[in-house]
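So the structure is just underneath, and the comments pick up after that.
The values are calculated or read from the model by the stated rules, or taken from the named source; none is laboratory data. Computed from a predicted structure; not experimentally measured. All Cβ positions, glycine included, derive from the backbone under ideal geometry; neighbour counts span all protein chains shown. Calculation scope for accessible area: heavy atoms of the full protein, side chains included, ligands and nucleic acids excluded. Shrake-Rupley method; radii C 1.70, N 1.55, O 1.52, S 1.80 Å.
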Amino acid sequence: MARRVWAMALALAVSLAAQSAAADYREGRAAYLRRDFAAAIAAWVPLAEAGDVDAQFSLGLLAENGEGSEPDPVLAARWYRMAAAQGDTRSQSNLGAVLATGAGSEANYAEARHWLALAIADGDLTALYHLGVLSENGRGGVRDEAEALRLFGLAAARDHPGAQFALGGMHAVGRGVAADPSAALGWYRQAATQAHPGALVALIHAYAEGRGTTKSDITALLWATLAASRGIPEAIAWRERLEAALPEADIAEARRRVGICVMSRFANCE
């Protein structure tokens with residue numbers, strides 16, 4: 001009986017500790033949402049140092065994105081690595097990406113590939129994309145554009161906007177595949193429906209310059225207007241340039257089509 005009581009007491013203590021940790025994490029989350037990053041960090045650091053995966057991942061994001069301070073890839077890698085070692089797929093993927101681009105010094109491509117491969121095994125699409133980038137550029141290994149196309153294709157088929165944009169770029173210039181501006185346009189459109197900045201700008205160029213489609217300043221203005229609403233500087237410049245050059249009737253038509261495009265969830269944007 002005494003052994004059973006001890007076991008029950010231990011289980012209760014563990015449960016109460018878990019509840020307390022969850023409450024502390026939520027406190028940090030609430031601080032983050034009100035953009036009080038210092039309070040979020042203060043709440044999460046003790047949890048992260050005690051092994052809490054969510055706190056470790058969240059601190060990694062803060063450091064990587066420079067929220068509350070300048071971006072610190074070294075610190076981001078430290079927190080991500082702690083969570084990644086516990087099998088956290090999100091952290092494995094982000095750690096791989098940070099290491100692939102350099103964490104305060106030279107990039108560690110071998111370790112980046114290691115963590116990305118683990119994340120991919122758990123179905124992470126962003127890891128697929130980042131491994132595709134490494135393959136396309138030959139970083140940390142042999143340049144393999146066919147493998148990059150395969151990896152981007154796997155992620156793009158499951159709606160990863162970065163992979164869709166990357167495929168658009170490869171088709172646009174004929175890298176690893178025959179040049180096909182029309183196919184590039186299709187991939188850019190798919191990425192643009194998820195507001196990928198590069199894809200939105202690529203569509204402005206495509207219609208303003210007739211790349212893979214019929215030249216149309218009205219449609220170019222449509223995409224410039226949509227992209228400018230996202231605060232993309234190049235898109236704002238394009239919108240101003242096109243509006244200065246086009247007659248008022250064409251500007252009004254572009255604005256009308258913007259509404260149709262948005263209401264159709266980007267299905268009708270011509």
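Helix 181-192 axis versus longest C-alpha principal axis of the chain: approximately 50°, rounded to the nearest ten. For the chain, the Stokes-Einstein estimate of translational diffusion at 25 °C and a viscosity of 0.890 mPa s comes to 115 µm²/s, using the Kirkwood hydrodynamic radius over alpha-carbon pairs. Rounded to the nearest 0.05, what FRET efficiency do GLU243 and ALA195 give with R0 = 22 Å and r taken as the Cβ-Cβ distance? Could you check? Taking R0 as 22 Å, the efficiency between GLU243 and ALA195 is 0.55. A convex hull fitted to the Cα coordinates of segment 153-270 yields 89 cubic angstrom per residue.
Counting only alpha carbon atoms, the long axis of helix 145-156 and the longest principal axis of the chain meet at about 80°.
About its Cα centre, segment 209-249 has a charge dipole of approximately 160 debye under the convention of +1 per Lys or Arg Cβ and -1 per Asp or Glu Cβ, with nothing else charged.
Taken about its Cα centre, segment 123-172 carries a charge dipole of about 40 debye when Lys and Arg each add +1 at the Cβ and Asp and Glu each add -1 at the Cβ. Computed over protein heavy atoms with a 1.4 Å probe, the carbon and sulfur contribution to the accessible area of the chain reaches 56%. Remark: spin-label model distance ALA252-ALA117 equals 6.2 nm, labels positioned 7 Å along the Cα→Cβ axis. Axis angle, to the nearest 10 degrees, between helix 73-84 and the longest C-alpha principal axis of the chain: 60 degrees.
Computed extension length for ALA39-GLU234: 66.6 nm, one decimal, from 0.36 nm per residue of separation with the Cα-Cα distance subtracted.
Relative contact order for the chain: 7 percent, from Cα pairs under 8 Å spaced at least 6 residues apart, divided by residue count. Taking the Cα centre of the chain as origin and assigning +1 to Lys and Arg Cβ atoms and -1 to Asp and Glu Cβ atoms, the resulting dipole is close to 560 debye. Excluding ligands, DNA and RNA, the accessible surface per residue across segment 165-270 is 48 Å² with a 1.4 Å probe.
Whole-percent P(r), segment 71-197, all Cα pairs, 10 Å bins from 0: 15, 41, 33, 11, 1.
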